[in-house]
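Report on one structure; see the data block that follows.
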Amino acid sequence: MSEMQNSNPTIINSADLPTRLRRTVPHKSSAYGSDFFASALPSLAVDTLSDYSPSSSGSDSDDDLMEEPIDEQEIYDLISTISDPEHPISLGALAVVSLPDISVKPALPGVPDSPLRTVTVLITPTITHCSLATVIGLGVRVRLEQSLPPRFRVDVQIKEGTHSTADEVNKQLADKERVAAALENGTLMGVIAKMLETCQ
Amino acid sequence: MSALQTFMLVVDHDKQEARQIAERIAQDVESKKTTLVEIVQSLGDYVNDEDPLLRGKAVSYLSAVIKALPPKFLTRQQVQVLTTFFCDRIEDAGAVAGLETLQKLDRFTKEMAEELAIALFENFNTLQSRAQSQRFQVYQLLNELMSNHRSVLHNMGDTSLVGTVDLMTGEKDPRNLMLVFSILKVIMVEWDISRHVELLFDSVYNYFPITFKPPPNDPYGITAQDLKDRLQDCISSTSHFAPHSIPALLDKLDSTSQNVKKDALNALIACINSYNPDTVSTHSITIWETLKFEILNAQEEFLSDLSLKALHDIAKRLSEGVAQIHDQLPLAQYLRPITKECNEQLREPQQKQAKPAQNILKAVSEASAASFTLIVQVVVAPLLTLYQGADGITKQRALLETLTLLFESAITVFGEWTTRSPEIPDENPLVEFKDQFSDIFGQALMGTVKEEVSFRISALKGFLRLSALRGYFHESEIGLFVQYLNEILLKEESEGRDDLKKEAITALAEISKHQPQLIMDITFPAFVATLPDSDEGTDTSYLSTLETLAQISVEKAIFETLVRRLLTKLSLLLQKEQPGSAAYPKAILLTIFYVMNQRKLEGDPNLEMYYDKIVVTLCQAAAATASGKSMSNILSDPTVLDILGRLCNLIVRSLPRAKQDEVTNNIYTLFASADDFQPVPLSQSPSDDRRRTMILSTFLLAGLPADSTLPHSAANMADLLADLVKLSIAETSPPTQLAILRHIALLVNKFLPKSDLGVANTLLNSLLPTDSTPASETTPETIKTVFWLSKALILRLAPTTTQILASLLSLLSSPSEQTSTTASRGFAILLKDDDILSPTNGANIRLLSKQRVFTTLIPLISSKIREINIQNSDAATTPKEHDHIKPAHLAALSGILSTISPTLVMPELPTLLPLLLQSLDLQAATRDSFAVRAATLQTLSVIIRENGVGVIEECGHVQSLVTRLLKTAEHNRSASASGGGAVNAPRLRVDALRCLYLLAQPPSAENAPAVARAGKLSPFLPVRSQVLRALRFVLDDPKRDVRKAAVDARGAWLRSIEDTEDDD
């Protein structure tokens, strides 16, 4: 690999990255009142015969009715673990992608019932002349296209004012044929596959 | 033919025979039938023959005869003559062997040794052209000389040094090199090598790096590591090598091979640790300049770790004998460029390069008190200045973390409060910053907005390290920290995941190890004060308080106080007329149980007190409650009784035998007098409340030794068991019933003597339905009892195990759907780990019981299902009466699968796989289908993870498996909306996707060597596009967890299966 373009970027501590707070289970859910103590006890399943299926599936099927639509945090979780091509550090920790720069909007605002959605991701290169911005953009695009259902349109752009040749890069990222051609390139796909390896 | 001629004929092909000839001649010499002179003369012309082979054999003959002689036989003069003879012919095969025998003799003198050594060094110029075994013999001889006559060789000085180097130059065989390296090491360490340093160094360094790979099935057992170790010992043997070795090793760090770099770093570390400190000092800065790049631009973590170790070891060596710290110390000179570099990198501590700089500081500062002091002097003040001027919390946080690493070094150097090693006399250089640290960390912890959780956690961790550091903080300063922690736990609202609170609890628990008194004085009263006297019902904040108390009460003193206080609270609650809900006393009991479970009770001086106050008193109270003689009804709550039971069980197990016998007599009376409480077994229709006390009785029973003399069992247990079975069948309250069932199982499994097993079998048979039994009599309660009885017998592998399993299986084919379904669930009971009928409680659980059950049942279930499948296809048109039988068998199978270790499953896989696939087909046909499919997917995922796809491919089920998994992963909107048809609960969908993900994982290296896989098409190629297409739609699942699993599965299929395709 050629000389690193930015050898000493700022790194955000992983604990400070945005995460989804899991709904905390209310204390009374456990038969013994406390999750902590329940974990200290051996099994508390009282009776295999009568408790077999209904209790374990019951809560699930209740929840099943509640939809959890794809939101910005979910998009963020998909792309923040991609590694930077220069450092073995995630795009999230380098603040190349950040939660406020992601939006999920209906693709056709005029048709309220349409399930089509557009995901827009603005990426912030670590330095303004980073020649790898295109590769990063491409990586984000590939990851999202692999991971989102067909009704989602993906739009990846360089955040305004963060890159010297942003327009050029944006044009490249938006051009379907150029993206397709890039993905035929074995070396480039190798780099992208390596970036995506760390996705969890 | 003479002995010599026979010997020469056989020596090549029959070593045994040759040795016997030599031994015979040796005896002749001993008994003076012949003399050595005659033997030498008999060699005659052979020793002067043109043919080296003939000469060699002749000399071997002499060597063999000498070897066979007793060690003291030869006179000094004979030894001399023979030595000279052999030395003259040292190039002939056999002479070396003769010399090796001779040099071991007591009469072998120094002069002879020298003669031998000279002969060795002068005559083997062409050693490397000889066979490996001959070379080995020569080295062996030299090695023997080294150990038996080292002083002679040592006195020869340069002659032996150069001679040895000449002998081995060009050696390539690993077996010989092992020997050569160890000979050379002796010379390097003990000889005066000053005139030949480079020669000697080159003689070994030529072999660096070792690239040897042992041949497959290596017969000699020499590994590359053995060679590396010996070579490294040579390189690091003497400081004289330093001018050559250190630059050479540092050069090797430019290599592109990581293995070479690793060997070089390891050798460098060995040199640092063995060269004298002055030498290390000379090279220290050069080493730092080179290693710096390995750490700051680390390619591989292990290389950076080794480099850090090298820097650490240098600091350690340079600290040797340092009495007073000043600028001119070699150590100070070494550290100066290091601290300068680190200070520079740490100016922006949130950036990437700061991390390696922190690691360097940590590694070097923990090397010694001197090193720590020198570093603290120049590093801490700039860090504090940076902190004051830091513009953002990220930067501040990184600074706190850097300081915390230094605190950790301080702990390594000076120890914790609990460290037993003698205290370091040096003053801790951090002392002058004590107030500043206390301010900064306290401010960061308590004076920051609550949202900055991770920042506060960093501050907390730093503060905790300082509190643990031996002799640093004053008690009152740690007390302040403890108060902060109290405040966080008691006053602050929950924030997100409560990470800060969790850390605070951990911190208190750790402080309790160092300073239990502070916890007792500050935390304990504050927390106990918040515990209410009674439960008002709505406020459950006491729970988190109790949780915290339980976790910090690790130390003995705190533990004892906690138990006393809680017992007092509990007895107050029990005396109240209206004590509110049972939740509060239950939580108190749980807390006591938790802390007691964490400690070893055996030998606890308070055990008697716990026995009296908990087992005796509370059991009596429960008995009184059951007889309606108590004001409080807390002890009639089954969950309270359950926890009290567990607590009693814990205590009973640890009691001395005499006390245990006392418990034995009170299992059923519960320590109450006959007037107050009538025991349950063998009494007339006991009330609900009384029957409920069986929960306690069961726990008491479980804790007793197996040879206890139980009540009601004088002759045998038949009556007691029959009565309990009657009770369990009639029982309507599930907790009580479970207790009675466990009680029966304990009696049969643990206490019933082998000779009385018939009693249990008879009882079991009486419960099993026969053809004439009306279906209504086989209630679920009866079936439950049948399974628990069976469980008890099967776990101890009673002789009737096979029959029992067959009768249980026949329940599944019952025409009554209820019987069949209930029984199918019962199979999950059989092998399920139970926390009462457990090894801890001394249950009789044979190791092979699980395997036995599995291997007995699988063929039976499999053939039954095949039978049903055939019937169904034959009678496709006629209405099927017994639709429930097949699902019941599959449910039974899943019950067994969910309770055994997957390794047992593997050998039966070909039989099992079709059954598993059919289980996945079970849709909403029965209400158990969810559990069955969940268990099936669990088993499948383990099979796939352990064995990869190989087995499934061999059985030819790839396509059908993938199709079924995809079907299970589907979210069927219309079906769930209409409430009918196939519904896959989210967990099933996730599990199915997880299996798909595992399928696409590349097989782990050891399972499938790359060679075996290469050139083989992935078995998934035919289904790849089907999977990718189907998963695209699963990506739109309404549930987030399902989508996540789908993303992972799809990613795995895109990645790995495409790769295989490319390769071909």
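Reducing segment B:474-510 and segment B:691-708 to their Cα centroids gives an inter-centroid distance of 41 Å. Once you order the gyration tensor axes a ≥ b ≥ c over the Cα atoms, which shape class does segment B:392-542 get: rounded for a/c under 1.5, otherwise prolate or oblate by comparing a/b with b/c? Oblate is the answer for segment B:392-542, as a/c is 1.5 or above yet b/c matches or exceeds a/b. A Cβ-based charge dipole, computed about the Cα centre of the protein assembly as shown with Lys and Arg at +1 and Asp and Glu at -1, lands at about 2240 debye. In terms of packing, defined here as the mean over residues of other Cβ atoms within 10 angstrom, the peptides B:87-96, B:860-869 line up highest first as B:87-96, B:860-869.
Helical content alone sets the calculated 222 nm signal of chain B at -20500 deg cm²/dmol, taking -39,500 (n - 2.57) per DSSP H segment of four or more residues and averaging over every residue. Dividing the Cα radius of gyration of segment B:282-345 by 2.2 N^0.38 Å, with N the residue count, gives 1.16.
Counting residues in segment B:274-392 as N, plug N into 2.2 N^0.38 Å and put the Cα Rg over that result.
1.06
Ranking A:Ser98, B:Phe1020, B:Ile667 by how far each Cα lies toward the positive end of the dipole of the protein assembly as shown (charges on Cβ) leaves B:Ile667 at the top. Rounded to the nearest 20 debye, the dipole size of chain B about its Cα centre is 2480 debye, using +1 on the Cβ of Lys and Arg and -1 on the Cβ of Asp and Glu.
Eight or more residues apart or on different chains, and alpha-carbon atoms under 13 Å: count the Lys pairs in segment B:712-873 matching that.
5
Within 10 Å of the Cβ of each residue in A:6-17, the mean number of Cβ atoms contributed by other protein chains is 5. Each part gets one Cα centre, and for segment B:411-435 versus segment A:124-200 those centres are 53 Å apart. Count Lys and Arg as plus one, Asp and Glu as minus one, and take only other residues whose Cβ is under 13 Å from that of B:Asp391; the net charge is then +2.
Straight-distance candidates among the lysines for linking to B:Lys491, with alpha-carbon spacing under 28 Å and chain neighbours fewer than 8 residues away dropped: A:Lys28, B:Lys434, B:Lys450, B:Lys461, B:Lys501, B:Lys502, B:Lys513, B:Lys556, B:Lys569, B:Lys586. Per-residue packing, averaged as other Cβ atoms within 10 Å, sorts the ranges B:935-944, B:197-206 into the order B:935-944, B:197-206, beginning with the highest. Rounded to the nearest 20 debye, the dipole size of segment B:52-114 about its Cα centre is 240 debye, using +1 on the Cβ of Lys and Arg and -1 on the Cβ of Asp and Glu.
Would you mind calculating the relative contact order of chain B from Cα pairs under 8 angstrom and at least 6 residues apart, reporting the percent as a whole number?
Taking the mean separation of contacting Cα pairs over the length of chain B, I get 4 percent.
Determine the shielding of peptide A:144-154 by partner chains: average, over its residues, the number of Cβ atoms on other chains within 10 angstrom of each Cβ.
4
Think of the protein assembly as shown as having a plus end and a minus end, set by charges on the Cβ of Lys, Arg, Asp and Glu; of B:Leu650, B:Ala792, B:Ser467, B:Ala792 sits farthest toward the positive end of this dipole. Against chain B, whose longest principal axis comes from its Cα atoms, helix B:542-552 is set at around 20 degrees.
Straight Cα distances below 20 angstrom link B:Lys15 to the lysines B:Lys57, B:Lys67, with same-chain residues fewer than 8 positions distant left out.
Across the protein assembly as shown, the fraction of Cα-Cα pairs farther apart than 48 Å, rounded to a whole number, is 57%.
For chain B, the longest principal axis of the alpha carbon atoms and the long axis of helix B:354-365 meet at an angle near 70°.
Between B:Asn343 and B:Ala131, the simple label model (points 7 Å from Cα in the Cβ direction) yields a spacing of 6.9 nm.
List the pairs from B:Lys172/B:Lys228; B:Lys355/B:Lys1044; A:Lys194/B:Lys362; B:Lys172/B:Lys261 whose alpha-carbon separation is above 25 Å, in the order I gave them.
From the list (B:Lys172/B:Lys228; B:Lys355/B:Lys1044; A:Lys194/B:Lys362; B:Lys172/B:Lys261), the Cα-Cα distance tops 25 Å for B:Lys355/B:Lys1044; A:Lys194/B:Lys362.
Considering only Cα atoms, the convex hull volume of chain B works out to 297 Å³ per residue. A simple packing score, the average count of other Cβ atoms within 10 Å per residue, orders the peptides B:825-835, A:98-108 as B:825-835, A:98-108, with the highest score first. Rounded to the nearest 0.05, the FRET efficiency derived from the C-beta distance between B:Val189 and B:Thr169 at R0 = 30 Å is 0.90.
Grouping the Cα pair distances of segment B:445-522 into 10 Å bins from zero gives a pair-distance distribution of 19, 55, 23, 2 percent in increasing distance order. By the rule of a C-alpha distance below 19 Å, with chain neighbours fewer than 8 residues away ignored, the aspartates and glutamates paired with B:Lys395 are A:Asp16, B:Glu341, B:Glu344, B:Glu348, B:Asp439, B:Glu451, B:Glu452.
For segment B:689-789, the equivalent ellipsoid derived from the Cα gyration tensor has semi-axes of 23, 18, 10 Å, listed largest first.
Evaluated on segment A:70-196, the Kirkwood hydrodynamic radius is 14.8 Å, with distances taken between all distinct Cα atoms. Stretched out straight at 0.36 nm per residue, the stretch from B:Thr903 to B:Val37 would grow longer than its current Cα-Cα span by 304.4 nm. Using r as the Cβ-Cβ distance of A:Lys171 and B:Asp391, and R0 as 25 Å, what FRET efficiency do you calculate, to the nearest 0.05? In this case the efficiency is close to 0.10.
At a Förster radius of 22 Å, what calculated FRET efficiency corresponds to the Cβ-Cβ distance of B:Glu451 and A:Leu99, to the nearest 0.05? Between B:Glu451 and A:Leu99 the formula returns 0.90. Relative contact order for segment B:712-873: 24 percent, from Cα pairs under 8 Å spaced at least 6 residues apart, divided by residue count. For peptide B:585-596, the mean count of partner chain Cβ atoms within 10 Å of a residue's Cβ comes to 3.
Summarising the label geometry, the points placed 7 Å from Cα in the beta-carbon direction at B:Asp833 and B:Thr617 lie 3.5 nm from one another. Seen against the Cα atoms of chain B and their longest principal axis, helix B:583-598 is set at about 20 degrees.
May I ask you to work out the translational diffusion coefficient for segment B:712-873 at 20 °C, viscosity 1.002 mPa s, via Stokes-Einstein with Rh from the Kirkwood sum over Cα pairs, reported in whole µm²/s?
Estimated via Stokes-Einstein, D reaches 131 µm²/s.
The antiparallel fraction among DSSP beta bridges confined to the protein assembly as shown stands at about 55%.
Every number here is computed from the coordinates shown, using simple stated rules; none is lab data. Here the structure is a predicted model, which is why all the values come from computation and not from measurement. Here the Cβ is made from the backbone with ideal geometry for all residues, glycine too, and neighbour counts use every protein chain on show.
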